[in-house]
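Each remark here refers to the structure printed beneath this line.
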Amino acid sequence: MTIPVVDLAEFLSGDETRKQQFVQDLGKAYEEVGFVAVKNHGVPDELIANLYKYVQQFFALPTDTKHQYEIPELAGQRGYTSFGREHAKGFDAPDLKEFFQFGQTISDGEEVGEEYPANVTVREVPEFTPTLEAAYRNFEKSGTALLQAIALYLGLDENYFDQYVHNGNSILRAIHYPPIQNEPKSAIRAEQHEDINLITLLVGASADGLQILTKQNEWVGVTSLPEQIVVNVGDMLQRFSNNRLRSTTHRVVNPPRELWGTSRFSIPFFLHPKSGMSLACLESCIDEQHPKAYEDITAGEYLDERLREIGLKK
């Protein structure tokens with residue numbers, strides 16, 4: 001399945017007609033599919049290549065070395081999480097992956113920084129941490145522009161989300177799905193789920209395997225070109241828009257048998273707002289046909305609830 005493609009350069013062009021067309025194209029895609037591929041996204045190719053290079057170097061480290069960077073009390077929010085710790089909501093079987101998470105760093109002294117644990121620096125791969133930070137800043141910038149378009153589509157001020165994204169609780173997650181050694185119990189590497197956050201930006205996973213569940217209840221593979229990033233709606237934005245924008249169920253399936261011996265790497269950026277942002281359904285998205293679907297909750301309360309459901313928080 002080819003998901004809709006949008007060009008972020010249109011939104012940033014300075015031409016009002018092109019900008020409004022982008023807003024409509026993005027909004028319509030998020031109402032109908034929940035996923036888009038974005039070209040001219042602003043994240044440099046060289047940075048993406050370096051990101052994958054250093055991520056692969058980290059996961060190639062000995063298991064005992066990686067375990068030094070696993071800090072259980074951080075609930076997977078920073079540093080390393082070992083193989084089989086996380087499961088999808090509603091499923092007991094752990095996903096076949098290990099991952100490393102990098103979070104927000106505050107440089108302007110805003111008090112929200114006290115909520116965030118420090119990032120974990122990997123000594124064995126000196127370029128790993130600075131490359132994660134550079135990628136984080138680039139994804140944050142691109143994600144902010146996309147949320148500006150979403151704000152306009154929802155009838156809000158263009159900069160509505162900016163205050164919540166700046167110093168927000170976004171996460172850059174580097175995932176490694178190791179080679180399959182034995183006949184797997186399931187064809188699924190990461191069980192079906194929806195993302196928790198506002199939007200997710202995913203830069204070229206190094207192997208196929210991502211599938212989304214269509215409105216017709218069929219699983220279809222998502223393909224995007226190397227120069228595109230895939231951006232999908234998360235549950236926070238679906239909630240905020242009272243289901244107008246769709247948080248689409250997706251999963252990662254095992255490759256064909258001849259590729260079992262290969263690793264899969266994937267680096268999603270989960271764009272979260274500050275914990276105090278209200279996710280109360282927008283009044284403009286509520287009417288007789290679409291009654292209010294959710295109780296009021298803040299982003300922080302919702303994140304906490306979901307981390308417990310997927311087994312990262314006790």
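The values are calculated or read from the model by the stated rules, or taken from the named source; none is laboratory data. Everything quoted here is computed from the prediction, not taken from an experiment. Here the Cβ is made from the backbone with ideal geometry for all residues, glycine too, and neighbour counts use every protein chain on show. Calculation scope for accessible area: heavy atoms of the full protein, side chains included, ligands and nucleic acids excluded. Shrake-Rupley method; radii C 1.70, N 1.55, O 1.52, S 1.80 Å.
Taking region 2-81 and the helices (runs of 4 or more DSSP H) fully enclosed by it, the elements with 2 or more residues that are within 21 Å of the chain's Cα centre (by Cα) and of a type in the set (A, V, I, L, M) are at 16-32, 45-59. For region 81-90, does any single residue satisfy the condition of being in contact with a helix residue (DSSP H, G or I) (Cβ under 7 Å, 6 or more places away or on another chain), within 30 Å of A151 (Cβ to Cβ), at pLDDT below 95 and open to solvent by 10 Å² or more (accessible area, probe 1.4 Å)? Checked region 81-90: at least one residue is in contact with a helix residue (DSSP H, G or I) (Cβ under 7 Å, 6 or more places away or on another chain), within 30 Å of A151 (Cβ to Cβ), at pLDDT below 95 and open to solvent by 10 Å² or more (accessible area, probe 1.4 Å). Scanning region 108-131 for residues that are open to solvent by 70 Å² or more (accessible area, probe 1.4 Å) and touching a residue at least 12 places away in the same chain (Cβ under 8 Å) yields a count of 5. Cβ-Cβ distances below 6 Å connect the following pairs, each with a first residue in region 143-154 that is over 18 Å from F35 (Cβ atoms) and aliphatic (A, V, I, L, M), a second residue that is in a helix (DSSP H, G or I) and open to solvent by less than 30 Å² (accessible area, probe 1.4 Å), and a separation of six or more residues or different chains: L152/V23.
Given the options V33, V55, name the one that is under 27 Å from S241 (Cα atoms) and of a type in the set (V, I, T). None of the other options fit; the residue is V33.
For region 266-296, residues that are touching a residue at least 24 places away in the same chain (Cβ under 8 Å) and either part of a loop (DSSP other than H, G, I, E, B) or open to solvent by 20 Å² or more (accessible area, probe 1.4 Å) (or both) total 17.
Cβ separations smaller than 7 Å between residues 6+ apart or across chains give the following pairs from region 50-67 residues that are of a type outside the set (D, E, K, R) to residues that are outside any helix (DSSP H, G or I) and open to solvent by 50 Å² or more (accessible area, probe 1.4 Å): Y52/S206; Y54/E127; L61/E124; T65/E124. The set of residues from region 5-17 being touching a Phe, Trp or Tyr at 6+ places or on another chain (Cβ under 8 Å) and free of Cβ contacts under 8 Å to residues at least 60 places away in the same chain comprises V6, D7, E10. For region 1-30, the tally of residues that are at pLDDT below 95 and open to solvent by less than 70 Å² (accessible area, probe 1.4 Å) stands at 2.
Per the conditions (1) crowded, with 18+ Cβ neighbours inside 10 Å; (2) outside any loop (DSSP other than H, G, I, E, B), the sole criterion not satisfied by G300 is (1). For region 132-146, residues that are among the aliphatic types (A, V, I, L, M) and crowded, with 22+ Cβ neighbours inside 10 Å total 3. Of everything listed in (1) touching a residue at least 60 places away in the same chain (Cβ under 8 Å); (2) outside any strand (DSSP E or B); (3) surrounded by 16 or more Cβ atoms within 10 Å (Cβ to Cβ), the single unmet condition for F102 is (2).
With respect to the conditions (1) assigned to a helix (DSSP H, G or I); (2) at pLDDT 95 or above; (3) of a type outside the set (A, V, I, L, M, F, W, C), E258 lacks only one, and its number is (2).
In region 166-249, counting only strands (runs of 3 or more DSSP E) that sit wholly within it, none holds 3 or more residues that are without any contact (Cβ under 8 Å) to a residue 24 or more places away in the chain, open to solvent by 40 Å² or more (accessible area, probe 1.4 Å) and touching a Lys or Arg at 6+ places or on another chain (Cβ under 8 Å).
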